[in-house]
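One structure below.
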Amino acid sequence: MGGYDVIGDVHGCADKLEGLLKKLGYEKRDGVYRHPGRQAIFVGDLIDRGGQQIETLVLVRAMIESGSAQTVMGNHEFNAISFATPNPEIPGEFMRSHNDKNRKQHKEFMDQVQLFAGDYAQWIEWFKTMPIHLDLGGFRVVHACWNDKQIEKVDQWIASGTPMPVEFVIRANQKGTAEHEAIEVLLKGPELSLTKYKQPNFKDKDDHVRSQARIRWWNANGTTLQELAEIPPGAKTSGGSPYPPLPSIDCQGEADYDYKDPKPAFYGHYWRRWEPEEGQDWTSNTVCVDFSAVKGGPLVAYRWDGEAKISGENYVEFPETSTSPPS
Ligand SMILES: [Mn+2]
């Protein structure tokens with residue numbers, strides 16, 4: 001394989017995906033997008049939120065089955081699996097509750113892939129075949145956070161090339177288990193407690209009040225709360241006022257997740273905006289490729305040609321936006 005194009009969270013935006021693939025030089029032959037010398041790598045979160053769930057799944061699955069793409073699992077695919085997995089202890093319940101919040105997050109998928117009808121089970125089984133992580137020699141891919149310790153554990157529970165076992169799905173949905181911790185870190189990203197540092201809660205983009213902030217695991221030099229904790233831009237306190245800047249107090253204890261390996265790690269998940277001043281979308285060894293395609297942003301790929309150090313110039317966006325790529 002000559003090179004790889006690592007593509008961000010699609011979330012059912014099939015038109016943007018086709019546009020991006022064409023821009024990257026992929027052509028549809030016998031119904032499948034292919035490139036003579038390259039392979040597309042998806043970072044997961046193919047589903048939920050967008051209007052073209054089935055189109056996206058059919059397109060990506062055909063690419064994977066013909067060898068022109070690979071994907072890792074996103075938290076949305078994991079959630080879909082959990083939503084479809086009956087709770088063995090409570091008849092009629094599922095490992096991910098069918099409550100209003102979870103139904104709302106999963107609505108587009110449920111509307112377009114009718115719950116428990118037709119192809120539903122087949123898509124869920126396909127999601128289970130997505131690996132949690134990929135190591136392609138010169139770089140590695142995971143949905144939210146690369147962490148050797150958690151990956152070693154997952155490799156003991158899910159044998160390479162086999163689908164996620166139902167026992168794993170059950171345990172990973174039970175708080176306090178090692179399986180739950182691994183999925184939280186690898187597919188959702190590590191978090192720290194704001195309460196522990198006496199900082200206020202904030203409201204996220206869905207108006208849920210949160211006492212946990214995401215850890216900037218890619219900021220390997222960070223040592224303070226301000227450097228390591230991520231509060232979304234424009235976040236409000238639970239009282240509705242603008243969230244105050246975090247203090248520069250030491251929180252080195254949270255630095256366990258720092259990514260120090262020189263091998264580039266690619267990830268999505270973090271809803272970046274295509275604005276350089278937001279910064280920290282890439283370092284010399286980490287690359288975020290999620291630029292909120294389903295919320296009006298471009299779908300983004302990083303075109304990797306064997307370089308040991310990451311360069312912002314290798315980002316490709318579709319559609320073209322007025323702001324320039326991060327540099
Ligand atoms: Mn995600």
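Selection of the stretch 1-14 for residues being out of contact with any helix residue (DSSP H, G or I) (no Cβ under 8 Å at 6 or more places or on another chain) and more than 19 Å from residue 266 (Cβ to Cβ) yields an empty set. Of the strands (runs of 3 or more DSSP E) lying entirely inside the stretch 1-50, those containing at least 2 residues that are within 16 Å of the ligand (Cβ to nearest atom) and either at negative phi or of a type in the set (D, E, K, R) (or both) are 3-7, 38-42.
Of the residues making up the stretch 304-316, none is within 16 Å of the ligand (Cβ to nearest atom), of a type in the set (D, E, K, R) and in contact (Cβ under 8 Å) with a residue 12 or more places away in the chain. Looking only at residues in the stretch 169-184 that are within 16 Å of the ligand (Cβ to nearest atom) and either in contact with a helix residue (DSSP H, G or I) (Cβ under 8 Å, 6 or more places away or on another chain) or at pLDDT below 95 (or both), the one that is farthest from residue 259 (Cα to Cα) is 172. Filtering the stretch 138-152 to residues that are surrounded by fewer than 17 Cβ atoms within 10 Å (Cβ to Cβ) and either modelled with pLDDT under 95 or of a type in the set (D, E, K, R) (or both) leaves 148, 149, 152. Within the stretch 207-221, the set of residues being free of Cβ contacts under 8 Å to residues at least 40 places away in the same chain and among the charged types (D, E, K, R) comprises 207, 210. Of all residues in the stretch 1-24, those satisfying the criterion of being in contact with a strand residue (DSSP E or B) (Cβ under 7 Å, 6 or more places away or on another chain) and not hydrophobic (A, V, I, L, M, F, W, C) are 2, 3, 4, 5, 8, 16, 19, 23.
State the number of residues belonging to the stretch 193-210 that are in a strand (DSSP E or B) and surrounded by 13 or more Cβ atoms within 10 Å (Cβ to Cβ).
Here is the first cut: in the stretch 193-210, the ones in a strand (DSSP E or B) are 193, 202-203, 209-210.
Going one step further and asking which of them are surrounded by 13 or more Cβ atoms within 10 Å (Cβ to Cβ), we end up with 202-203, 210.
Residues meeting the conditions: 3.
Every residue, every condition in (1) over 24 Å from residue 22 (Cβ atoms); (2) surrounded by fewer than 23 Cβ atoms within 10 Å (Cβ to Cβ); (3) touching a helix residue (DSSP H, G or I) at 6+ places or on another chain (Cβ under 7 Å), yes or no:
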| site | (1), (2), (3) |
| --- | --- |
| 251 | yes, yes, yes |
| 261 | yes, yes, no |
| 293 | no, no, yes |
| 296 | no, yes, no |
| 302 | no, no, yes |
| 305 | no, yes, no |
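Are any of the residues in the stretch 81-93 away from the ligand (no atom under 16 Å from the Cβ), part of a strand (DSSP E or B), surrounded by fewer than 16 Cβ atoms within 10 Å (Cβ to Cβ) and modelled with pLDDT of 95 or more?
Start the filter on the stretch 81-93 by keeping residues that are away from the ligand (no atom under 16 Å from the Cβ), which leaves 84-93.
Now restrict to residues that are part of a strand (DSSP E or B): 86.
Pick out the ones that are also surrounded by fewer than 16 Cβ atoms within 10 Å (Cβ to Cβ) and you get 86.
So of that shortlist, the ones also modelled with pLDDT of 95 or more come out as 86.
Checking the stretch 81-93: at least one residue is away from the ligand (no atom under 16 Å from the Cβ), part of a strand (DSSP E or B), surrounded by fewer than 16 Cβ atoms within 10 Å (Cβ to Cβ) and modelled with pLDDT of 95 or more.
Would it be correct to say that residue 187 is within 16 Å of the ligand (Cβ to nearest atom) and either at pLDDT 95 or above or within 17 Å of the chain's Cα centre (by Cα) (or both)?
Numbers: within 16 Å of the ligand (Cβ to nearest atom): yes; either at pLDDT 95 or above or within 17 Å of the chain's Cα centre (by Cα) (or both): yes.
In short, yes.
Matching residues to (1) surrounded by fewer than 22 Cβ atoms within 10 Å (Cβ to Cβ); (2) among the hydrophobic types (A, V, I, L, M, F, W, C); (3) under 17 Å from residue 4 (Cα atoms); (4) without any contact (Cβ under 8 Å) to a residue 24 or more places away in the chain:
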position: 29; (1), (2), (3), (4): yes, no, no, yes
position: 40; (1), (2), (3), (4): no, yes, yes, no
position: 68; (1), (2), (3), (4): yes, no, yes, no
position: 74; (1), (2), (3), (4): no, no, no, no
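Can you find, within the stretch 113-126, the residue that is nearest to the ligand (Cβ to nearest atom) among those that are free of Cβ contacts under 8 Å to residues at least 60 places away in the same chain and not in a loop (DSSP other than H, G, I, E, B)? Out of the qualifying residues, it is 124. Those helices (runs of 4 or more DSSP H) of the stretch 129-192 in which 3 or more residues are without any contact (Cβ under 8 Å) to a residue 24 or more places away in the chain and charged (D, E, K, R) occupy 148-157.
Mind checking whether some residue in the stretch 59-70 is in a helix (DSSP H, G or I), of a type in the set (Ser, Thr, Tyr) and either modelled with pLDDT of 95 or more or within 16 Å of the ligand (Cβ to nearest atom) (or both)?
Looking for residues that are in a helix (DSSP H, G or I), of a type in the set (Ser, Thr, Tyr) and either modelled with pLDDT of 95 or more or within 16 Å of the ligand (Cβ to nearest atom) (or both), one finds none in the stretch 59-70, hence no.
The values are calculated or read from the model by the stated rules, or taken from the named source; none is laboratory data. Note that this is a predicted model, so its numbers are computed, not measured. Here Cβ is always computed from backbone atoms with ideal geometry, including for glycine, and neighbour counts include all displayed protein chains.
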